[in-house]
Structure formats: C-alpha cells, structure tokens
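Asker: Take this structure first; my questions come after.
The values are calculated or read from the model by the stated rules, or taken from the named source; none is laboratory data. A quick note: this is a predicted structure, and the numbers were derived from the prediction, not measured. Virtual Cβ from ideal backbone geometry, glycine too; neighbours counted across all protein chains shown. The protein model used for the area step is the full one, side chains on, heavy atoms only, and it has no ligands, DNA or RNA in it. Shrake-Rupley method; radii C 1.70, N 1.55, O 1.52, S 1.80 Å.
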Amino acid sequence: MRSVRAVTVTPGLPDSLRLVEDWPEPPPEEGAILVESLAVGVCGTDHEIVAGEYGEAPPGQERLVLGHESLGRVLDDPTGTLHPGDLVAGVVRHPDPVPCANCAVDEWDMCRNGRYTEHGIKGLPGFARERWRLQPKFAVGLDPALASVGVLLEPTSVVAKAWDHIERIGRRAEWKPMTVLVTGAGPIGLLAALLGSQRGLSVHVLDRNTTGPKPELVRALGATYHTATVPELDVKPDVVIECTGAPTVVLDAMCKAAPTGIVCLTGVSSGGRKIDFDAGALNRELVLENNVVFGSVNAGRRHWEMAAEALAQAEQSWLTSLITRRVPLSNYREAYASAGEDIKAVLDFTH
Ligand SMILES: [Zn+2]
Ligand SMILES: [Zn+2]
C-alpha cells in the first residue's frame, strides 16, 4: 500500500514534532479531489502546537498532521470542479456537525458553538503531507501565476475577511475611509497593508523592527513605515487593523481611530498580563465618536476567493519577498524553528 511522508505532532506533548515516513495515503472519504503538496506555510499557531500548547488530533488518533497554510497541485478531480495541474489551496475550517446557524449557511468562520474542526489544528489532519484530498466546497483554485507564492492564500484569507467585515460595518452610515493604520508588520500586518493599498487608501504600518526587510516591504506598497508608539503617531486613521496582540498596542489602537472609525483586532494575546487602563475614557471616546471595535478570526469561502483575487492582482515580486525561508521537507525541523528576521517560513514539498 502507498504511503506519504507527513509532519506530525502528538498534541499537548512538547518536542513531539516528527516526520513520519509511512503515513497512510489520504483516504477517498477525505474528498474526491486528490492533490500533491507544493508548500505549507508556518505561523505562530504552528509554533504553539509544536510547543504542546494547542492543537487536537482527529478523534481516536494520537498524532496530528500539521499544516493549515496550504498550496498544492491537483492530481485528479473526478468531479470536474478543478483540473489536473491546477493550483489549489484547502479551506482550513470545516463547519460543526450540529450545525449552528452560521455553519448551516457555510459561514463556518463565524461558528457559534466552537465545535468546528480545522485542518492541522483541531480534529482534522493538516496539509503537511505529500498528498491530501479535498471536497470541492473546501477547494480554492488559484491563478497559475501564483505557483511560488500561493501558499500565502490562507493568511491573505484572514485579512480579506477583516477588510470585508470592516466594509460591512462601514456601511452602517455614509463612510469614505482615507487612512488605515496597521499595527504589526508580520505576514498578517503586511498582507492587511497590501489590501489597504489595493483599496487606494493612505496606509501606515507600525512595527518595532528598524532593520530587516519590513521597512522596505512597507515602502514598496507606497505606505509609510513607523517605529514610534501608537499615541506618538501623527495620524488619525479611519481604520485600524491591530495585528500584534500586544496588550498595550491593542489598547492604544482602540483609542487611536478617528471619529466613526473602525478598529479590527486580529492579534491573539496570551492573557495574564495586567496593565493599568482608563476604561471610562475609552468608553467615552467610543460612544461620543461612534467608533467600533471588533474581533476577527479565520475566513469563510467568499474570503478565500477575495484573497485569491487580491494575490493575483498583487506584485508577484513583493509577495515573493514575504517568504523569507523555504525549507525542504527533509529539513522540516528548521521550518518550525523561529529565525530572527523571518516574515514567513515555508515547508517546501518540491525539493
Ligand atoms: Zn497560520
Ligand atoms: Zn458552527
């Protein structure tokens, strides 16, 4: 029987990262579309899973295949949705089995009962294996020109959702945003800035790093790079997209928006750190300025499609620069180790 190589962990057990040489071939029940893996992106969620702090194996199994940021090439699709050779990425989250009202209409990113499953994170095997399968509903086709950068589709889907919800909230009244502030120039922040520049907005990105590729990547978008603190910035943003999860930055970001401004929180804080904060002053500002603060996570089907469109329209060389390391599967451990000025490390299945 054929098998695949797969990068796996035992969830909850630190240092259990292992390349399994004879993982079972993906079974047909996983989906009709058979895909060969090209690349898998690594992010903070993977680091948490590898550290044993997060993640859940499929029911009855001990090990979880990692990988939620996928790019593959279709080998076979008897449904005719895609064709052999097409580039494809897999949607991460699947609806809960109940389903809740949102999952029932395929808005699984807005699941209300937490019983959803996620490839490579929660209850479903990930994409860090040589072959995987998809049901057509969870397969997103990509422009053939995106072969080297299409692995950025998952993080782009997260910011596509953020922008979609910002714009939906904006439509509560007359709204003509001019300026966006993005806090944090990691992959999510940089992709949020890209989508801001594609909307013709004046984009400001704030990060601590003064060296490395981030300042130039921001300038290449026609955006302004800042290393001051949020209160020091001489900008009144109509939109703030917070991507650090750092408690002080989150609170400062909430206070920074212009009147009728919208603040979208995408960074996940670890919690447990207490800081002094004038909650009354924040309330006063939110009320008197009609401001909105909201959280956003994951992405629904339409956001994946918006993200595929955004990547196809972006400068390919700029996207390529976000991938600062490509690690062959045989050296998989290196892909999961943090490196100084990394933006995005990618596990390369083609070498
Ligand atoms: Zn991720
Ligand atoms: Zn649900």
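Asker: Consider A104 carefully, then state whether it is assigned by the TED database to the domain that holds E62 and either away from ligand 1 (no atom under 14 Å from the Cβ) or in a helix (DSSP H, G or I) (or both).
Answerer: On the way: assigned by the TED database to the domain that holds E62: yes; either away from ligand 1 (no atom under 14 Å from the Cβ) or in a helix (DSSP H, G or I) (or both): yes.
Yes.
Asker: Right, something else. Looking at (1) out of contact with any strand residue (DSSP E or B) (no Cβ under 7 Å at 6 or more places or on another chain); (2) within 16 Å of ligand 1 (Cβ to nearest atom), can you tell me which one A89 breaks?
Answerer: Failing condition for A89: (1).
Asker: Continuing with the same structure: Quick one: is H94 modelled with pLDDT of 95 or more and away from ligand 2 (no atom under 16 Å from the Cβ)? Outline the logic, then answer.
Answerer: Details: modelled with pLDDT of 95 or more: yes; away from ligand 2 (no atom under 16 Å from the Cβ): no.
So H94 fails the test.
Asker: Follow-up question, since we're still on this one. Provide a single number: the residues in the range 151-169 that are open to solvent by 10 Å² or more (accessible area, probe 1.4 Å) and among the aliphatic types (A, V, I, L, M). Even if it seems obvious, please write down each step before you answer.
Answerer: Going through the range 151-169, the residues open to solvent by 10 Å² or more (accessible area, probe 1.4 Å) turn out to be 154, 158, 164-165, 167-169.
Still in the list and also among the aliphatic types (A, V, I, L, M): 158, 169.
Residues flagged as open to solvent by 10 Å² or more (accessible area, probe 1.4 Å) and among the aliphatic types (A, V, I, L, M) within the range 151-169 amount to 2.
Asker: Any residue in the range 115-144 that is in a helix (DSSP H, G or I) sitting within a Cβ distance under 6 Å of a residue that is buried (at least 22 other Cβ atoms within 10 Å of the Cβ)? List the pairs, counting only those 6 or more apart or interchain.
Answerer: Short answer, once both residue conditions are applied: F138/G90; F138/V91.
Asker: Need the failing condition index for V98 against (1) closer than 24 Å to A299 by Cα; (2) among the aliphatic types (A, V, I, L, M); (3) not in a loop (DSSP other than H, G, I, E, B), just the number.
Answerer: Among (1) closer than 24 Å to A299 by Cα; (2) among the aliphatic types (A, V, I, L, M); (3) not in a loop (DSSP other than H, G, I, E, B), the lone unmet condition for V98 is (3).
Asker: Name the single residue that is nearest to the chain's Cα centre (by Cα) among those in the range 46-73 being over 22 Å from L311 (Cα atoms) and not in a loop (DSSP other than H, G, I, E, B).
Answerer: Taking the range 46-73 as the starting set, the residues that turn out to be over 22 Å from L311 (Cα atoms) are 46-66.
Imposing the further condition that a residue be not in a loop (DSSP other than H, G, I, E, B) reduces the set to 46-50, 56, 64-65.
On the way: D46: 12, H47: 14, E48: 15, I49: 15, V50: 18, E56: 19, L64: 20, V65: 18 Å.
This residue is D46.
Asker: Please verify whether A246 is of a type in the set (A, V, I, L, M) and either in contact with a Phe, Trp or Tyr (Cβ under 9 Å, 6 or more places away or on another chain) or under 26 Å from R172 (Cβ atoms) (or both), treating the condition exactly as stated.
Answerer: Working: of a type in the set (A, V, I, L, M): yes; either in contact with a Phe, Trp or Tyr (Cβ under 9 Å, 6 or more places away or on another chain) or under 26 Å from R172 (Cβ atoms) (or both): no.
In short, no.
Asker: Please find, among A308, A339, A258, the residue that is assigned by the TED database to the domain that holds V218 and open to solvent by less than 60 Å² (accessible area, probe 1.4 Å).
Answerer: Details: A308 fails: assigned by the TED database to the domain that holds V218; A339 fails: assigned by the TED database to the domain that holds V218.
Being assigned by the TED database to the domain that holds V218 and open to solvent by less than 60 Å² (accessible area, probe 1.4 Å) holds for just one of A308, A339, A258, which is A258.
Asker: For the subset of the range 185-201 comprising residues that are out of contact with any strand residue (DSSP E or B) (no Cβ under 7 Å at 6 or more places or on another chain) and touching a residue at least 12 places away in the same chain (Cβ under 8 Å), which member is most open to solvent (accessible area, probe 1.4 Å)?
Answerer: Start the filter on the range 185-201 by keeping residues that are out of contact with any strand residue (DSSP E or B) (no Cβ under 7 Å at 6 or more places or on another chain), which leaves 186, 188, 190-191, 194-195, 198-200.
With touching a residue at least 12 places away in the same chain (Cβ under 8 Å) added as a condition, the list becomes 186, 188, 190-191, 194-195, 198-199.
Numbers: G186: 25, I188: 48, L190: 0, L191: 0, L194: 9, L195: 4, Q198: 71, R199: 90 Å².
Among those residues, the one meeting the criterion is R199.
Asker: Mind counting the residues in the range 118-151 that are under 24 Å from S296 (Cβ atoms) and touching a Lys or Arg at 6+ places or on another chain (Cβ under 7 Å)?
Answerer: 1
Asker: Output the residue which, of all residues in the range 74-96 that are without any contact (Cβ under 8 Å) to a residue 40 or more places away in the chain and under 24 Å from the mean Cα position of the chain (by Cα), is most open to solvent (accessible area, probe 1.4 Å). Quick ask: steps written out before the conclusion?
Answerer: First, the residues of the range 74-96 that are without any contact (Cβ under 8 Å) to a residue 40 or more places away in the chain: 80, 83-85, 95-96.
Add one more test, that the residue is under 24 Å from the mean Cα position of the chain (by Cα), and what stays is 95-96.
On the way: P95: 39, D96: 5 Å².
Residue satisfying both the conditions and the ranking: P95.
Asker: Follow-up. Return the pairs, sorted by first residue and then second, in which the second residue is exposed (fewer than 13 other Cβ atoms within 10 Å of the Cβ), the first residue lies in the range 329-351 and is modelled with pLDDT under 95, the beta carbons are less than 8 Å apart, and the residues are 6+ apart or on different chains.
Answerer: These pairs meet every condition: E341/T211.
Asker: Among the residues of the range 202-236, write down those that are within 12 Å of V180 (Cβ to Cβ) and open to solvent by 30 Å² or more (accessible area, probe 1.4 Å). Outline the logic, then answer.
Answerer: Of the range 202-236, the ones within 12 Å of V180 (Cβ to Cβ) are 202-206, 221, 223-224, 235-236.
Across the range 202-236, the qualifying residues are S202, L221, T224, K236.
Asker: Also: Do we have any residue at all in the range 97-104 that's away from ligand 2 (no atom under 16 Å from the Cβ) and at negative phi? Spell out how you get there, then give the answer.
Answerer: Pass one, the range 97-104, residues away from ligand 2 (no atom under 16 Å from the Cβ): none.
No - not one qualifying residue is present in the range 97-104.
Asker: Give, as residue ranges, the strands (runs of 3 or more DSSP E) completely inside the range 246-351 that count at least 1 residues that are under 21 Å from D164 (Cα atoms) and within 17 Å of the chain's Cα centre (by Cα). Steps first, please.
Answerer: Details: elements: 262-265, 292-295, 323-328, 344-348.
Ranges flagged: 262-265, 292-295.
Asker: Let me ask something additional. Give me the pairs, please: first residue somewhere in the range 251-275 and within 13 Å of N290 (Cα to Cα), second residue anywhere and among the aliphatic types (A, V, I, L, M) and surrounded by fewer than 20 Cβ atoms within 10 Å (Cβ to Cβ), beta-carbon distance under 7 Å, and either six or more positions apart or on two chains.
Answerer: Hits for this filter: M254/L282; M254/V293; C255/L282; T260/A173; I262/I169; I262/V292; V263/V292; V263/V293.
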